[in-house]
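Notes follow once the structure below has been shown.
Please treat every number below as a calculation from the coordinates, not as lab data. For clarity, every value in this text was computed on a predicted model and none was experimentally measured. Note that each Cβ is placed from the backbone with ideal geometry, even for glycine, and that neighbours are counted across all protein chains shown.
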Amino acid sequence: MAKGAVELFGTAFDPAAAPDTKALRAYRRDRVRAALATHDVAAIVLFNPVNIRYACDARNMQVYGLHNPCRYVCMTADGHTALFEFRNCEHLSRHLETVDEIRPARAWYHMAAGPNAAAAAGAFAREIAAVVRERGGSGARRIAFDRLDPAGAAALAAEGLVPVDGLALLDFARAIKSADEIKAMTDAIRACEEGLARMRDAHRPGIAEQALWAVLCAANAELGGEWMETRLLSAGQRTNPWYNECGDYVIQPGDLVSFDTDLVGRHGYSVDISRSWLTEGAHPTDEQRKLHALAHAQVHHNIGILRPGRSFSEIAEDAYRLPEACVPQMNRAIAHGIGLCNEYPLIVNREFARGAYDGVLTEGMVLCVESYVGEPGGRCGVKLEEQVLITAGGAVKLSAFPFDDRLS
Amino acid sequence: MTDAAPARVAPADVHEVARRSPSMTLAEHERQPDMKRMRAYRLARVQAELKRHDYAGGFFCDPFNVRYATGTRNMAVWTSHVPARYCFVPAEGKTILFEFRSSQHLANGIETVGECRPFIGWYYMTTGVRQEEKARAFAKTVASVVNDHGGGNRRVAFDRLDPLGLDLVRAEGIEVFEGEEVMQHARSVKSPDEIAGLTHALAVCDGGIARMREALKPGMTENELWALLHETNIRHGGECIETRLFASGGRTNPWFQECSDRVIRPGDLVAFDTDMIGPMGFCCDISRTFHTGPGKPTAEQRQMYGLAVEQIQHNLGLLKAGVGFREITEKSFSLPEPYYPNRYANVMHGVGLADEWPVIVNRSDWDTRGYDGILEEGMVLSVESYVGATGGTDGIKLEECALVTRDGYQLLSTFPYEERLVG
């Protein structure tokens, strides 16, 4: 195998090569179509723009669409894909060979429909029923949805359709990536890492957390990425506990700065990596170095135990054991799936086993392997996270941004 | 709730508050938005709507609704599509926040939250094969909270509830009602504190637009320019940008093409719609169109720009407390023929923490999408225009943000029009 190449399903390829976008779209559409057959549903209707993009690659006002069900796609079991697009936006998706027809969306959320929501939901349901029966015959009943509010559920029932949960089948479909998806994701990771390099250059005492975070946000937008899912950057004492959101705290000499990129980048692929950096002007403290070493060890030990065929509970059993003092605030997840956003599976540390679910790791999954290390009441916390591809031979790192060597 | 929550913007205050754009860092010597009073006002608005519908309370998971009802925020974009936290708002009393497991500390010190509990998620990624078990636990929690706080009333509003949860919640004897209606109506009328916060956010947005105007030159990509607005917003504590409606040259017609790596040329129009969720979560939704030098705009570009300004001014003039949505639709500016087919999707829409109720449509869309209602003092509206001929080479996007007052309106957006394109 050439240097830098990875092997997936018996074929070696260069993840730095450009993806074949038509092949990428066809692969994803076929994954959804196959899942419809496996789950015996006549169609799937998707409102979440992330899911719409997976199924047919149509993109439009994505962040707005995350919270306003203003457009949707309906794929029937034969693979026919009808995109119900926001008014006057047909021109955005006409070129997509994965979209067979474009119709205006029937909006029935309250802002758009006001007091006419029930009537609008009725029109929505009648049109979906017509499409599904035209393509799947009059016996078509079970329709999968990624989200469906009560008014829509009632309207579908009136048409004799039965809504079923679509996320179970969709998340399984999305979990296994093709070589083209890995190429697209690698391109997104490289762009994110360019943003991290700019952030590292801007990182100095006196800059506010949100000014530093803005460097990554701007780089993502400038390089053609999509949006930031969270604002998880904090510094100094604010790194402990984790999940403080970036604010106007002014970063001090010797502060740790910890962050989690959580961005949706180029091609719509997520890049979810975390780092902790030392702010110049002071030597690292023993505590900072100890926590960083533990987090580094946890991530890399756990990357080493990921292999296709292993169950989540086996992985949890073999996972790195943090010292007792760091357990109360440790990350719940050992790793989670990633694609167009965070997705199935969620592999949970044994300390949280009561709420966990089991499953099997499979070749072609991409996982983010996580660590947060900080003691309750401690002065700082370290967040590290790497994005890895599961191949037949084990996990291969896709993220390549260096760790802060002053902390090692 | 509290008598500190004024129901309306006092008329005498409107102009001062609307034009002021307060500083948001510590300044004991200046009047600033009172956050505690703002939270109290918002919670009272939600509870008034709950009572009006005779609901025991509401479960809300849209992060914009959670922020409005409680004043708390956590991973707002991610939770826009992943229902990972909820709040319960009883018809009276403090809220219960069901927060993402590891984020319990974020609501510390927020007085609208009586209690913070870990949320048991039942979306597939966290539940896997145990989805039904987790959804059942959610339904049991709903029932127990309603039993404890509903005083026997089991009518409850939900802003989002997927079929699995819906069936299980109903099986617990809960009557499920539309929560978006509650929240959209609560959110529609703004307090003076909200207007002050919004004008601060708009100042940040104007700052970002000014940076784009200053940086605009041939040879840049659309993405490079658009990134400046992102940077400004985040640097000043803003949240995110909802869309990527920034286009140049031929990509400005038809509208709704998304920002790309197209290189901007001399003579191009550059049109954008900020759709920016700014500092304190206030939505800044304004549109402008620039002309890229060197060279002068064409006569057609200037004519289209003039029409867009005329449309905006005409429609702003219709704003006044007490006016009906239908009346606005009927009296709204009618674009001449080559431009009508490409008209913007609506005449105006509400704005607050995001685009909000109401949406007031164009005349020819009334039968399919129109609904009536009445403008109230304290509503904030984005007034829209897009002018571009069918098959035309480019187009103009303009949009202004205005506060509805007793006598008319007060413009909140202030970024100047493009001199070279005016007149």
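Below, the figures for the structure above:
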{"read-out": "Charged-residue dipole, Cβ positions (Lys, Arg, Asp, Glu), segment A:301-386 about Cα centre, Debye nearest 20", "value": "160"}
{"read-out": "Those trypsin sites (Lys or Arg not before Pro) in segment A:1-83 that DSSP places in a loop and that have at most 10 other beta carbons within 10 Å", "value": "A:Lys3"}
{"read-out": "Unit Cα scatterers, Debye sum, chain B: log10 I(q)/I(0) for q = 0.08, 0.10 Å⁻¹", "value": "-0.48, -0.74"}
{"read-out": "Average partner coverage of A:211-221, which counts Cβ from other chains inside 10 Å", "value": "6"}
{"read-out": "Fraction of antiparallel bridges per DSSP, the protein assembly as shown only, in percent to nearest 5", "value": "80"}
{"read-out": "Isolated Cys in chain B, by beta carbon distance under 4.7 Å", "value": "B:Cys61, B:Cys87, B:Cys116, B:Cys240, B:Cys259, B:Cys283, B:Cys401"}
{"read-out": "Cα-based Rg of segment A:21-174 normalised by 2.2 N^0.38 Å, two decimals", "value": "0.95"}
{"read-out": "Derived scalar couplings ³J(HN,Hα) [segment A:225-242; Karplus, 6.51 cos²θ - 1.76 cosθ + 1.60; whole Hz; x for Gly, Pro]", "value": "x, 9, 8, 9, 6, 9, 9, 8, 9, 9, 9, x, 4, 5, 7, 9, x, 6"}
{"read-out": "Equivalent-ellipsoid semi-axes of segment B:189-421, from the Cα gyration tensor, Å, largest first", "value": "27, 23, 14"}
{"read-out": "Relative packing of peptides A:383-392, B:322-331 - highest average C-beta neighbours within 10 Å first", "value": "A:383-392, B:322-331"}
{"read-out": "Cross-link partners of B:Lys140 among aspartates and glutamates (Cα-Cα below 13 Å; sequence separation of 8 or more within a chain)", "value": "B:Glu132, B:Asp148, B:Asp167, B:Glu172"}
{"read-out": "On Cα atoms only, tilt of A:209-222 relative to the major axis of chain A in degrees", "value": "50"}
{"read-out": "Size-normalised alpha-carbon gyration radius of segment B:155-206, reference 2.2 N^0.38 Å", "value": "1.76"}
{"read-out": "Computed [θ] at 222 nm, deg cm²/dmol, chain A (DSSP H ≥ 4; -39,500 (n - 2.57); rounded to nearest 500)", "value": "-10500 deg cm²/dmol"}
{"read-out": "Cα-only radius of gyration and Dmax that characterise the protein assembly as shown, units Å", "value": "25.9, 76"}
{"read-out": "Pairs of alpha carbons in segment A:176-407 whose separation is greater than 27 Å (percent)", "value": "31"}
{"read-out": "Binned Cα-Cα distances of chain A, short to long, each 20 Å bin given as a whole percent", "value": "26, 52, 21, 1"}
{"read-out": "Per-residue Cβ neighbour rank within 10 angstrom, fewest leading, B:His105, B:His200", "value": "B:His105, B:His200"}
{"read-out": "Per residue convex hull volume, Cα atoms of segment B:31-113, in Å³", "value": "93"}
{"read-out": "Radius ratio Rg over Rh of segment B:217-285, counting only Cα atoms, Kirkwood formula for Rh", "value": "1.01"}
{"read-out": "For residues of A:329-337, the mean tally of beta carbons on other chains within 10 Å", "value": "1"}
{"read-out": "Crossing angle, helix B:222-235 versus chain B [Cα axis fit, 0-90 degrees, rounded to tens]", "value": "40"}
{"read-out": "Degrees separating the helix B:179-188 axis from the principal Cα axis of chain B, which is the longest one", "value": "50"}
{"read-out": "Antiparallel bridge percentage (DSSP; both residues within chain B; nearest 5)", "value": "75"}
{"read-out": "Loop chymotrypsin sites (Phe, Trp or Tyr not before Pro), segment B:349-417 (other Cβ atoms within 10 Å of the site Cβ: 16 or fewer; DSSP)", "value": "B:Tyr417"}
{"read-out": "In Å, descending, principal axis extents of the Cα set of segment B:265-389", "value": "46, 39, 24"}
{"read-out": "Rg/Rg_globular for segment B:34-187, with Rg_globular taken as 2.2 N^0.38 Å and Rg from C-alpha atoms", "value": "0.96"}
{"read-out": "Computed [θ] at 222 nm, helices only, for chain B once each DSSP H run of length n ≥ 4 contributes -39500 (n - 2.57)", "value": "-10500 deg cm²/dmol"}
{"read-out": "Averaged over B:354-363, number of beta-carbon atoms from partner chains that fall within 10 Å", "value": "3"}
{"read-out": "Given B:Lys36/B:Lys397; B:Lys51/B:Lys190; A:Lys22/B:Lys296; B:Lys320/B:Lys397, the pairs whose alpha carbons are separated by over 31 Å", "value": "B:Lys36/B:Lys397; A:Lys22/B:Lys296"}
